[in-house]
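Please treat every number below as a calculation from the coordinates, not as lab data. None of these values were measured; they are calculated from a predicted model. As a convention, Cβ positions derive from the backbone with ideal geometry for all residues, glycine included, and neighbour counts pool all protein chains shown.
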Amino acid sequence: MSQLFQEAILISILASTLRIMTPLLFSAMGELVTQRAGIWNMGVEGTMLMGAFAAYIGVTASGSLWLAVLAGVLAGVLMGVVIAFMTATMRVDHFIAGLGLNLLASGLTLYWFQSYIKRREQPTFSGFQNWPIPGLADIPFIGEVLFSQRLLTYLALLCVPAIWFLLYRTRYGLELRCLGENPKALDVKGLSVPARQYAAVIFGSAMTALGGSFLMLGFSDRFLADFSAGRGWIVIVALIAGNWAPKGVLVAIVAFAFLEALATHMQVLGAPVPHQLLLALPYLASIVILMFVRFRSGQPARLGVAYMRE
Amino acid sequence: MLSKLISKAAAFAAALLLAMLAASLPAKAQKPDRLSVAVILSAGIENGWDGTFIKALERAKEAAPHGLNISWKYTEPLWGDDAGDAMRLFAESGEYDIIWAHSTYSDQVKKLKEEFPEILFVVVGSGNEGLGGNQYWVYKRVHEPAYVLGTLAGKMTKTGVVGAVGTYPADDVNDEINAFFAGAKSVRPDLKHSVAFIESWYDPAKAAEYTKAQIATGADFILQLANNFQPCEEAKIYCFGNFSDQNSFAPKTVLSSTEAVWDPDLNWIINEWYAHKTEGKAYDGNKEKHWFPMAEGGSAVAPFHDLESAVPENVRAEVKAVEGKIMDGSLEVPLDVSEPKTTAK
C-alpha cells in the first residue's frame, strides 16, 4: 500500500484520472446544454454508444482517426434530431423517450456490428496516442500528468470554460437557460422555443457522442456490445451532483474519475481491501453526493416539462 | 378340445410376448445421417469464447463423424429467461437434436430437460449445476497453455513483474491466471505478479486503465483476458491473448495466446448422442466438471506468427520443451482455482 505514494504511481493515478474524465466531460458538457434547455435527456448512454460505434466503423473503414471522430459526432447529431423530435415536437415523456433510445442504440449497434464484421475476423485499430505539449510536458510531475495526454483530453478540459462562456456570457446562452426556466418568456417575445430546443439537443448530443468516440478511439482497439458500459448514467449523476453548473459538473467528474483511478491502482497494487468494494467506490460516492445536493437544487425549473402554448 | 384351446392360448401368449418384446426394443437402428445443433451464444461469435466453438463446429462439419451431415443455428448473445425462451422454441420446433448452451445456462436447462428427454442439452463452463441425465456439462480449462506462456514471460521479463487482467474471478479464470504465474515462477522464482479484475465481461475502457496501471507498477508481460491490447501496444510491451489466437488483433503486440479447442468436447457430445440414437444408450450427463487437457487436444498454445524472432532461440526451445512435457504427461500443471492475488512490490 505504501507504494501508492511513490511518485511514479501517483503520476499514473492522476494521468489515469484525466483519461477517465475525458469522455465523461465531453458527454456531461453536452448533456448540461441539453438539460439547461429544459430537455431531460435520459438517452446519454445510448448516444455515447452510438458515438463509439460510429467511431469504430469510421476508423476501421477509413483508417483515419479524425474521420472517425467526425463519424461519431454525426451519429450524435442524428441521435439529437431523434430526441429533439420526440421531446420538442411530439412532446413524448422525456424519460421514456430517452430510455427507449438507449434500448434502441444497444440493439442497433449490436445488429450493425454483426452485419459489419459478418464471419470475418473483427477488424481492430490503433487509437489516439499521447500528444505531449512541447515544453510543458517536460516539467517534472505536472508535465507527465497534465501535458502528456491525448489531444482530445486537452480539448475536453477547454470545453468547460467554453460551455460556461456560452451559457453565461452570450445572448444565445441566456436564451438557452431561459428555455429551461421559463420558455414562455421567449415565446411571448416571438422567439421560437422548439427551434432553440432542437439546436440545444443536437449540439448536446453531438458532444455526448464525441465522448463516446473518445471512449472508443482513446482507450480501445475494438468494439464490443454495450461498449459504453454505463458511463452515460454517471454523466447524468454528475449533472445532478454538479447542480447543473459547469464548474460543479467538472468537480463531480474529477471526483468520480479520481476514485476510479485510485480504485484501479489499489487493486493492481494488491490493497488488502476486497476489490469489489473498490470498484463500487465511485458509485457509492455518487449516491452520497446525490443525498447532499438534493437540498440545494439548481435544477432548471421547467426541466423535463413539455412546453405548450396556452 | 382342451389341448386345442391350450395351444391357441399358447400361440396367443407367444404372439403377445413377441409384440411386447418388439415394443420394448429400440426402434430398429435407423442410422441418422444428419445432426442439427441449436447454439445459444453468450457473447457473440466475434468473442473468443463463442467464436472458437463455432470454428470447432465448422471443423466437425468438415470431418463428418459417423457420416453425419452437421448443421447448426446460433443465436445472438442471450441470457437468463431470454435464453430459456430461445431454448424452448428450439426444443418445440422438433428440428434440433442437440441444444448447446455455450455458457452458464443450467437453470434454464433444468426447466426443459424432463419435458424434452430426447434432446441432448449441453451447458458450458463455470457457474453451472451438474444435472446429469440429458444435460452434459462441458468444461474448458486453458491453464496448461497459460502455464507455458508463463514460462515464456518468466524467461523474457526484464522487470521481473508480470501481470494479468481478468474479467471476473471465476473458477475457470482463476485456474488460468494462477497457472500463468506458476509457469513464470517456475523459471524465475523471485518473480512478482500483479492481478486485476475489472468485474465486467466487456468493458475495454476499464480494461485499458487496469492494464496501464499494471504497466505503471512495472509489469512488462501481461496476460490479457479482458479484450484490449491497446495499452500494451502503446507501452510497446508484449501481451498474451486469451482463448483464441488473437495475434491478428495486434500483430506486433500479441506474442502468443492460450487457445480453447472444442473439438474433443464436441466429439464427445456427438458420440453420446449417436450412441443414444443408434444403440439406445441412455443419456448419462456428467454431474462433475469434465474437461479435456492439452494432451487430448482440449487446449493449445498459439503460434508466434511474425513475432518469432522476438523470442530468443534458446527460450523458444525451453518453452517448447515445457509444452512437450505437458503433452507427454511428465509435467502436471497444478490446478489452482483460488482467487489470484497481487504480489508485486
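Structure summary
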item: Residue-by-residue Karplus 3J(HN,Hα) for the range A:214-221, coefficients 6.51, -1.76, 1.60, Hz, glycine and proline x; result: 5, 4, 6, 7, x, 10, 10, 10
item: Formal net charge of residues neighbouring B:Pro145 (Cβ-Cβ distance under 12 Å; K, R +1; D, E -1); result: -4
item: Pairwise label distance in nanometres, A:Ala306 with B:Trp268, each label 7 Å out on the Cα-Cβ vector; result: 5.9 nm
item: Candidates per trypsin sites (Lys or Arg not before Pro) in the range A:28-125, loop by DSSP, up to 15 other Cβ within 10 Å; result: A:Arg91, A:Lys118, A:Arg119, A:Arg120
item: Loop trypsin sites (Lys or Arg not before Pro), the range A:136-240, which have at most 11 other Cβ atoms in a 10 Å radius of their Cβ (DSSP); result: A:Lys189
item: Of B:Lys61/B:Lys281; B:Lys113/B:Lys325; B:Lys61/B:Lys277, those spanning more than 30 Å from alpha-carbon to alpha-carbon; result: B:Lys113/B:Lys325
item: Top of A:Asn243, A:Asn41, A:Asn130 by mean-square fluctuation, Gaussian network on chain A, Cα under 10 Å; result: A:Asn130
item: Relative contact order [Cα under 8 Å, 6+ residues apart], chain A, whole percent; result: 36 percent
item: Most fluctuating residue given options A:Val288, A:Val273, A:Val145, as computed from a GNM of chain A linking Cα atoms under 10 Å; result: A:Val273
item: Inter-label distance for A:Leu284 and B:Asp171, nm, one decimal - labels placed 7 Å from Cα along Cα-to-Cβ; result: 3.0 nm
item: Residues A:Ser62 and A:Leu136, FRET efficiency given R0 of 30 Å [Cβ-Cβ distance, rounded to 0.05]; result: 0.45
item: The range B:210-216 - phi-based ³J(HN,Hα) in whole Hz, Karplus 6.51/-1.76/1.60, Gly and Pro as x; result: 5, 5, 4, 5, 5, 5, 5
item: For B:Leu35, residues with placed amide H under 5 Å, excluding near neighbours; result: B:Asn69, B:Ile70, B:Ser71
item: For B:Phe243, distant residues with modelled amide H under 5 Å away; result: B:Thr258, B:Glu259, B:Ala260
item: Centre separation in Å (Cα based) which lies between the range A:44-98 and the range B:278-345; result: 44 Å
item: Rounded to whole Hz, the Karplus (6.51, -1.76, 1.60) HN-Hα couplings of the range A:251-264, x for glycine and proline; result: 4, 4, 6, 4, 4, 4, 5, 5, 4, 5, 5, 5, 4, 4
item: Three-way shape label, the range A:40-135, alpha-carbon gyration tensor, a/c 1.5; result: oblate
item: Helix axis angle, A:171-181 relative to chain A longest principal axis, alpha carbon, degrees; result: 80 degrees
item: Alpha carbon Rg of chain B, scaled by the compact-globule rule 2.2 N^0.38 Å; result: 1.24
item: Degrees between helix B:263-279 axis and first principal axis of chain B (Cα, 0 to 90, nearest 10); result: 0 degrees
item: FRET efficiency, 1/(1 + (r/R0)^6) with R0 41 Å, evaluated for B:Lys281 and B:Glu62 via beta carbons; result: 0.95
item: For B:Thr343, distant residues with modelled amide H under 5 Å away; result: B:His193, B:Ser194, B:Val195
item: Net charge of neighbours whose Cβ lies under 10 Å from the Cβ of A:Asp226, counting Lys and Arg as +1 and Asp and Glu as -1; result: -2
item: For chain A, built as a Gaussian network whose Cα springs stay under 10 Å, the top-fluctuating residue of A:Thr153, A:Thr89, A:Thr17; result: A:Thr89
item: Point-to-point label distance, A:Val273-A:Val251, nm (Cα→Cβ direction, 7 Å offset); result: 2.2 nm
item: Radius 12 Å from Cβ of A:Trp40, net charge of other residues (Lys, Arg +1; Asp, Glu -1); result: 0
item: Quotient of C-alpha Rg and 2.2 N^0.38 Å, computed over the protein assembly as shown; result: 1.14
item: Selected from A:Ser106, A:Leu239, A:Phe203, residue furthest toward positive end of dipole (chain A; charges at beta carbon); result: A:Phe203
item: Förster radius 25 Å - calculated FRET efficiency between A:Tyr111 and A:Trp233, Cβ distance, rounded to 0.05; result: 0.65
item: Bins of 20 Å from zero: percent of alpha-carbon pairs in chain A; result: 32, 56, 11, 0
item: A:Ile163, A:Ile11, A:Ile96 arranged by Cβ crowding within 10 Å, fewest neighbours leading; result: A:Ile96, A:Ile11, A:Ile163
item: Footprinting exposure proxy for B:Thr258, B:Thr342 (fewest neighbouring C-beta atoms within 10 Å first); result: B:Thr342, B:Thr258
item: Residue mean of other protein chain beta carbons inside 10 Å, B:45-54; result: 2
